[in-house]
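The values are calculated or read from the model by the stated rules, or taken from the named source; none is laboratory data. Just so it is clear, the structure is predicted and the values come from calculations on it, not from any experiment. All Cβ positions, even for glycine, are placed from backbone atoms using ideal geometry, and neighbour counts span all protein chains on display.
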Amino acid sequence: MVDALCKAGRVEEAVDLVHDMGFRGCPPTSFIYSVLVHTYGVEKRIEDAVATFLEMERNGIKPDVAVYNALITAFCKVNRFQNAFRVIEDMESKGISPNSRTCNIILNSLISIEEYDEAYKIRDGFESVEVHGKETVCPTMHTFSVLINGLCEKGEVSRACVLLEDMIEKGIRPPGSTFGKLRQLLLKEGREDVLEFLVEKMKNLIEEPLWD
């Protein structure tokens, strides 16, 4: 019900419902709080998002990674990345590991405002993490591709090559469009040796041509 109200834009009604749940001896779950924090974040109501998170902790409900990700998203929506990183530090101090979504929230937010340099610098700050017992590679193919394409647009071909190599080593096959763009730039710069090196690295990942 809370989720439906938030999706319908009836946030205040959702908040009243959550408070009623508490009065009736049926405390809201971490999922319900994550919905509220996420909704406030989407609406860029950062103070409300933080207040809801703190209320959750006061009520003795331990936030999970979904709630933390919702709060991180809220800060990223208004480009308050230092606050987002402090949230990550807080969750780690409480024994909650960031997941692949945490990583992509940060990187995609930086990429969306064309902060490619910052995204490039912090990408190694996120390591592969386990989700439901399985290792999840972070960043994902989409994040890698957007970052590589952005660096290509800026003419930073060498950095794009480093990212592509990193992508390959993580076992992620680059989309044909991404590799094709980088290939054209390498050929234009006369760096056939680098192109040959990357193609060799990709041989185990290739099932079909990477470009037309």
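Couple of notes before you dig in:
- For residue 100, the conditions (1) surrounded by fewer than 18 Cβ atoms within 10 Å (Cβ to Cβ); (2) at pLDDT below 85 all hold with the exception of (1).
- Taken over region 162-185, the criterion of being surrounded by 21 or more Cβ atoms within 10 Å (Cβ to Cβ) and assigned to a helix (DSSP H, G or I) is satisfied by 163, 164, 167, 178, 179, 182.
- Test: residue in region 51-63 that is surrounded by 13 or more Cβ atoms within 10 Å (Cβ to Cβ) and in a loop (DSSP other than H, G, I, E, B): yes
- Every condition in (1) surrounded by fewer than 22 Cβ atoms within 10 Å (Cβ to Cβ); (2) modelled with pLDDT under 90; (3) out of contact with any Ser or Thr (no Cβ under 6 Å at 6 or more places or on another chain) is met by residue 144 except one, and the failing one is (1).
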